[in-house]
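What follows is a set of notes on a single structure, which appears directly below.
Values in this text are rule-based calculations from the coordinates and carry no lab data. These figures come from a predicted structure and were not determined experimentally. Neighbour counts are summed over all protein chains in view; Cβ atoms, including those assigned to glycine, are modelled from backbone coordinates with ideal geometry.
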């Protein structure tokens, strides 16, 4: 009888240790996921601010350059100047749209570090049983 209670106590102790380990693993992975989310949010906010400032400066510069080109050729080749500036804008917008699409498709996977750690955990738990 004493042997059965010792064996069941050992089983309960093992289950308790296992549950503590699993809770620790889940806790660590949630902290990692939280860190990934915070880093991604900070990265996106910084990127958004920089992109908006760059677009503003680019927009002002491009409008001023277009006005300069049209005014410079107003007397001799005004239609050619307007057509050239328009064509340049259209080519630039197509190139930038392609670049944005390329960047979107080649972006690293979100939560890659968290998913890799969870995969390692699953492999360790799978090989242990």
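In the set (1) 14.2, 43; (2) 18.0, 55; (3) 30.5, 110, which value of Rg and Dmax of the Cα atoms in Å was calculated from the structure you see?
Calculated Rg and Dmax of the Cα atoms in Å: the matching label is (3).
Using r as the Cβ-Cβ distance of residue 67 and residue 47, and R0 as 35 Å, what FRET efficiency do you calculate, to the nearest 0.05?
0.70
So for each of 89-98, 33-42 I average, over its residues, the number of other beta carbons within 10 Å; can you give me the resulting order with the highest mean first?
The peptides rank, most packed first, as 33-42, 89-98.
Could you work out [θ]222 nm for the chain from helices alone, using -39500 (n - 2.57) per DSSP H run of at least four and dividing by all its residues? Round to the nearest 500 deg cm²/dmol.
-33000 deg cm²/dmol
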